[in-house]
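The values are calculated or read from the model by the stated rules, or taken from the named source; none is laboratory data. Since this is a predicted model, take the numbers as computed values, not measurements. Cβ coordinates were reconstructed from backbone atoms using ideal geometry, including for glycine residues, and neighbour counts include every protein chain displayed. We work out accessible area using only protein heavy atoms, side chains counted, and drop any ligands, DNA or RNA first. Shrake-Rupley method; radii C 1.70, N 1.55, O 1.52, S 1.80 Å.
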Amino acid sequence: MDKVEYMMKSLQKAFYHSSDLTVRQIDWHEGDTAILCFYASLVDAKEVQKILDTIYARLDTEKPFWSETLLTTLENFALPQAIERVCQGETLVILPDTGKMLTLAITNEVRRNLEEPNNEHILRGSHEGLVERADTNLTLIRKRVNNPALVVKSFTIGQQTNTKAYYLYMDGVIQPETLQEMEKRIADIKIDYFYSIGQLSDVLEDSVLSPFPQLLNTEHPDRVVAHLVEGKVVVMTNISPSALIGPVTFFSFYQTPDDYNSRVMVGSFYKIVRLLSFVTAVFLPAFYIAVISFHFEVLPLELSNQVKNDVNDIPYRPLIEALILEIIMELIRESSIRLPQSVGQTIGIVGGLVIGDAIVSAGLVSNLMVIVVALTAISSYVVPSVELNSTIRMLRFPFMLLASLFGFLGIVVGVVILLIHLISLTSLKQPYFSPIVPFQPRAVYKIFLRWPFIRPTVQVTSFQPPKDEKGKNEDTP
């Protein structure tokens, strides 16, 4: 077996004889033989042939062909290094006689348009979205921050998959302890196969079992930049359009780019509306159950009589009634997401109107419970973050159970437990419920108000009548 055949068999064995691997022998300069090796699924074979034809045309010139960037690198052949380069989408030209390895960077990767993310719609501002290519995402961020203080560091996730990932921060803005904590957690990552951004999120979060997300997930480059200039660190991978931002607080999930692209008063109003929606989404069903089960006296007499007439015909407790409707709402939501868009809209209409009306007519739930669950669902979807939205929908179930067992007392106990958890929670070792705990008076107003970027100033100028040629005012007698 000659040297060329031995190398070709070694390469095929190293790549487990994959059907999309191309390993073939080609003619080289002055009768020499070379080996061409690449993944056909990652490389355009036609482009490879064009480059080789150009190289053949220049082999007889005095100037070395690789100096004209037709070949990106020139190095000694080593099988582990060859495997790494081929897996990265490069093309190898191996010269067995000299032991040299030439690499061509000709990739054929699928690219997606920079369209607005479907789960983060905004009214004003940039409608570009991150994609599944780190170099494209870095371009979107770099064009918004023309400053060398924006630092990009790369690392690899997955001992078997070798997935490229990056973390970004603004030097001089980020707190040193935050950067050290993030770098420590990245260094401690031990994953064999990396294929989901959720794996990275689980590793980087402080408390993975908490229902509250401790890293903000976004696909908007302008939102990434806004957090970078606030001293946050951003982590991105080469296989997902999602960027993970930390450290964040509970109130970070209620902010959107629209808050700061709209008028000051409008942005402040909707920030307050979103925060109030948290109270409605979590506590409204529990409050209704507590009133119906234990505290009818809190209702006005006329409303109390109407509610009693409405719920007297329901054959089971209000908790069961609420669970039926909540589970139906979750089923409708899940089916609307999984089905095609046109069919999903139809399912939403059928579920909301036909099933809702039929279930009330059958006497399984009351009209008032339908209203409560509908208001709760609308309030939960006001949250701009998909992760926190899921958390809120899950939280209402234990509060409903506590209200059914103990009334208002159960709700109060649940609120105390929830506050204790939020106060003790951290994001990259930073307080999650800041600036409420620890209390920061100068930062609290930012939770509820969208403050102007520039402090407004009022310039008052007094009217001066025009003067005549002698320098006197014309109205002066």
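So that you can scan it fast, the table gives a plain yes or no per residue for (1) under 25 Å from residue 391 (Cα atoms); (2) part of a helix (DSSP H, G or I); (3) open to solvent by less than 80 Å² (accessible area, probe 1.4 Å); (4) touching a strand residue (DSSP E or B) at 6+ places or on another chain (Cβ under 8 Å):
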{"residue": "282", "(1), (2), (3), (4)": "yes, yes, yes, no"}
{"residue": "286", "(1), (2), (3), (4)": "yes, yes, yes, no"}
{"residue": "289", "(1), (2), (3), (4)": "yes, yes, yes, no"}
{"residue": "302", "(1), (2), (3), (4)": "no, yes, no, no"}
{"residue": "315", "(1), (2), (3), (4)": "no, no, no, no"}
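Across region 171-204, what is the number of residues that are among the hydroxyl-bearing types (Ser, Thr, Tyr), within 22 Å of residue 241 (Cα to Cα) and in a helix (DSSP H, G or I)?
Within region 171-204, residues that are among the hydroxyl-bearing types (Ser, Thr, Tyr), within 22 Å of residue 241 (Cα to Cα) and in a helix (DSSP H, G or I) number 1.
Counting only residues that are in a loop (DSSP other than H, G, I, E, B), open to solvent by 40 Å² or more (accessible area, probe 1.4 Å) and under 13 Å from residue 224 (Cα atoms), region 118-151 holds 3 of them. Checking every residue in region 349-363 against the condition of being in contact with an Asp or Glu (Cβ under 8 Å, 6 or more places away or on another chain) and either of a type in the set (D, E, K, R) or on the phi < 0 side of the Ramachandran plot (or both) gives zero matches. Scanning region 155-170 for residues that are open to solvent by 20 Å² or more (accessible area, probe 1.4 Å), part of a loop (DSSP other than H, G, I, E, B) and either closer than 16 Å to residue 240 by Cα or of a type outside the set (S, T, N, Q) (or both) gives 161, 162. Pairing each residue of region 289-312 that is more than 18 Å from residue 365 (Cα to Cα) with any residue that is assigned to a loop (DSSP other than H, G, I, E, B) and open to solvent by less than 30 Å² (accessible area, probe 1.4 Å), provided the two are 6+ apart or on different chains, yields C-beta distances under 7 Å for 294/407; 295/407. Given 448, 406, 453, which one is of a type in the set (Phe, Trp, Tyr), within 18 Å of residue 291 (Cβ to Cβ) and surrounded by fewer than 18 Cβ atoms within 10 Å (Cβ to Cβ)? So the residue among 448, 406, 453 that is of a type in the set (Phe, Trp, Tyr), within 18 Å of residue 291 (Cβ to Cβ) and surrounded by fewer than 18 Cβ atoms within 10 Å (Cβ to Cβ) is 406.
Whenever a residue of region 128-141 is within 16 Å of residue 113 (Cβ to Cβ) and touching a residue at least 12 places away in the same chain (Cβ under 8 Å), its partners that are among the hydrophobic types (A, V, I, L, M, F, W, C) and in a helix (DSSP H, G or I), lying with C-beta atoms within less than 7 angstrom and at least six residues away or across chains, give the pairs 128/140; 130/140. Of all residue pairs spaced 6 or more apart or on separate chains, those with beta-carbon atoms under 6 Å, a first member in region 205-218 that is in contact (Cβ under 8 Å) with a residue 40 or more places away in the chain and closer than 13 Å to residue 433 by Cα and a second member that is part of a loop (DSSP other than H, G, I, E, B) and of a type outside the set (S, T, N, Q) are 214/205; 214/206.
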